[in-house]
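The values are calculated or read from the model by the stated rules, or taken from the named source; none is laboratory data. Remember, it's a predicted structure, so these values are computed and weren't measured experimentally. Glycine also receives a Cβ, built like all others from the backbone with ideal geometry; neighbour counts cover every protein chain displayed. Only protein heavy atoms, including side chains, enter the accessible area calculation; ligands, DNA and RNA are left aside. Shrake-Rupley method; radii C 1.70, N 1.55, O 1.52, S 1.80 Å.
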Amino acid sequence: MKYSDVSPPPVPTPAEQRDALAKGLGRARLWAEQGILTEAPLKEACLQDLRYDRVCEDPRGDWLWEIINAAGFRNAIRVPLLHALHNLSDSENARQLCKLAQHYAASGDATFRDLLYQIVTQKPLAAADYDFLGESELLALEGERGFLCAAKSRGARLEQIDWDWPEESLLREAGELIGETRIRELLSSTSDPDLNRFFESWQQQIREKAERKQQKQRHNKKQQCQQTKETSVETVLEAALGKTHCHWIRSWGIQADPAKLNVVLQALKSSEEPAVLLNLLKVFSNRALPEFDSRLIELCQHPDPELQRRAWVALANNSHPEIREFANRQLNENHPAYLFSLFIRNYQPGDENRLLAALTLPDDAWEIHSVLGDLVEVLKENPMADRSRLAMVIYRFTPCEICRYKAVRLLYEQSAIPAWMAEECRFDSYADTRTLTFA
C-alpha cells in the first residue's frame with residue numbers, strides 16, 4: 001500500500017524537516033522540543049517564505065518564532081536574519097523577516113528595534129505595493145510611538161502620492177490598538193508638517209467617503225434596477241461566438257433557469273469551434289447540465305488542453321451512470337489530473353479505497369494541491385465514506401494548510417484522528433487547526 005504510514009518519523013532527515021516547515025506541520029515544532037530539528041532547515045524557513053499560497057495563508061513569523069525558541073536556535077538565527085533585513089530584496093520574504101524582527105525586538109534586542117524604525121522610515125523596497133513593510137510590527141512593538149513614526153513617513157510621501165489603502169490599513173490597525181480617539185489627539189496636537197499632512201489627508205478622505213455614501217444612496221434604486229435586469233440567453237450565445245473571454249457567463253450560468261441552460265446546451269452539442277466551446281462551457285463551471293449529454297465526455301478528450309480542462313470541470317458537476325463508467329475506465333487507464341473530481345457526485349461505497357490505491361502524487365505543488373483538493377471534496381460530499389486512510393494522506397501531503405485543516409475536520413467528524421496527529425495539530429501553522437477541540 002502506497003502512503004501506508006504518514007506519521008512523523010522518529011528521526012527526520014533534513015529533507016523531511018524542510019518539508020514539514022514548508023507545509024506548516026506541527027511535527028516541526030514537536031521535533032524542535034525534542035531537540036531533533038536541525039538548524040539549516042529552520043534557518044531556510046525563516047529567511048525564505050515557504051508558504052504554498054501567500055494570498056490565502058497567513059505569514060508564519062509567529063509560528064517560526066515559537067519553533068526558534070523551542071529548538072534553542074535564537075542566537076544561531078539572529079545574525080543571518082540581521083543580514084537578510086539589511087538586504088530586503090524579496091517583498092514576501094521581507095514581511096516574514098519583519099515579523100521575526102518584531103519578536104527579537106520584543107525580547108529586548110535593540111538592534112532589531114532600530115532596524116524596524118529604519119525600514120519604516122526609509123522604505124527600502126522600490127515596489128510601491130510593499131511600502132507598508134514593518135509598520136504593523138513597529139505599531140505592535142512600540143504602540144503610539146510606532147504609529148507616529150509610520151504616520152510621519154506616510155505624511156511625507158503624501159506630497160508625491162495619493163492617499164490609498166496602506167494609509168487606511170495603518171489607521172485601522174492603530175485604531176484597534178490605541179483607539180481612534182487617541183489617534184486624533186496625537187495628530188491634532190502636533191506641529192510636525194508631515195504628521196499634519198497625514199491628518200489633513202485623513203480628514204479629507206472622511207469627507208469624501210461621506211459624499212460618496214450619499215451619492216450611492218441617491219442612485220441605489222437605479223443601480224438595483226440595472227443589476228436585476230436579466231441578460232437574455234441570446235446575448236449569452238452572441239457573446240460566446242465573439243472573441244472575448246466572457247468571464248461573466250459563469251455567474252450567469254449559476255443563476256439561469258433550466259430552460260435557458262438547455263438552449264446553451266443545444267448550442268454546445270452542435271458547435272465545433274474550440275473558442276466557442278470554451279465560452280459555452282463556462283456556463284456550466286458551477287452548474288449541472290439541465291439534462292446530461294455525453295458530449296461533455298467527448299470534450300474531456302479534446303486535443304485542446306484548455307478546452308479539455310473546462311470540460312472536466314463541467315462534467316464533475318453532474319451525476320450520471322455514463323460519467324461513472326467513464327471515470328472507472330480512466331481510473332484503470334490514464335489517471336488524468338481531474339479524474340478524482342468525477343467521483344464527488346458519482347461516488348459509490350468503497351471508492352475511497354480504490355482512489356487511494358490509484359493515487360500517484362505529481363511533482364508539481366499546484367497539481368498536488370488540485371488532486372488532493374478533489375479528494376477532499378469526494379470525502380466531504382459523501383460522508384458515509386471511510387475517511388480514515390485517505391484523509392490522513394491528504395493531511396500529510398497537501399502543500400496547503402487550509403486543505404490540511406479540511407482533512408483534519410473530516411477525520412474529526414468520524415472520530416478517526418490518531419493520537420500523533422492530534423498532538424501535531426496543537427502546533428500547526430494554521431490557527432483553525434490549532435484551535436480544534438479533540439474528543
Count of residues meeting criterion [within 21 Å of Pro336 (Cα to Cα), open to solvent by less than 50 Å² (accessible area, probe 1.4 Å) and assigned to a helix (DSSP H, G or I)] in region 278-311: 10
Helices (runs of 4 or more DSSP H) lying entirely in region 84-160 (those with 2 or more residues that are in contact with a Lys or Arg (Cβ under 6 Å, 6 or more places away or on another chain) and aliphatic (A, V, I, L, M)): none
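Yes/no per residue for (1) crowded, with 20+ Cβ neighbours inside 10 Å; (2) under 30 Å from Arg74 (Cα atoms):
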| position | (1), (2) |
| --- | --- |
| Gln118 | no, yes |
| Pro124 | no, yes |
| Gly134 | yes, yes |
| Ser153 | yes, no |
| Pro166 | no, no |
| Glu180 | no, no |
When residues of region 354-371 are limited to those that are in contact (Cβ under 8 Å) with a residue 60 or more places away in the chain and outside any loop (DSSP other than H, G, I, E, B), the one nearest to Ser7 (Cα to Cα): Leu356
Test: Leu379 is among the hydrophobic types (A, V, I, L, M, F, W, C), part of a helix (DSSP H, G or I), touching a residue at least 60 places away in the same chain (Cβ under 8 Å) and out of contact with any Phe, Trp or Tyr (no Cβ under 7 Å at 6 or more places or on another chain): no
Some residue of region 21-36 being more than 20 Å from Trp420 (Cα to Cα) and either at pLDDT below 95 or in contact with a Pro (Cβ under 9 Å, 6 or more places away or on another chain) (or both): no
Only listed residue being assigned to a helix (DSSP H, G or I) and charged (D, E, K, R), chosen from Asp374, Asp386: Asp374
Where Asn75 falls short, out of the listed (1) in a helix (DSSP H, G or I); (2) in contact (Cβ under 8 Å) with a residue 12 or more places away in the chain: (2)
Identity of the residue in region 6-39, in a helix (DSSP H, G or I) and aliphatic (A, V, I, L, M), that ends up surrounded by the most Cβ atoms within 10 Å (Cβ to Cβ): Ala28
Sole residue being more than 17 Å from the chain's Cα centre (by Cα), open to solvent by 30 Å² or more (accessible area, probe 1.4 Å), over 26 Å from Gly61 (Cα atoms) and at pLDDT 95 or above, chosen from Tyr338, Tyr347: Tyr347
Residue tally, condition surrounded by 15 or more Cβ atoms within 10 Å (Cβ to Cβ) and not hydrophobic (A, V, I, L, M, F, W, C), over region 75-90: 2
Residue check for Ala70: surrounded by fewer than 18 Cβ atoms within 10 Å (Cβ to Cβ), at pLDDT 95 or above and either small (Gly, Ala, Ser) or touching a helix residue (DSSP H, G or I) at 6+ places or on another chain (Cβ under 6 Å) (or both): no
Number of positions in region 390-421 that are open to solvent by 20 Å² or more (accessible area, probe 1.4 Å) and either without any contact (Cβ under 8 Å) to a residue 24 or more places away in the chain or over 17 Å from the mean Cα position of the chain (by Cα) (or both): 12
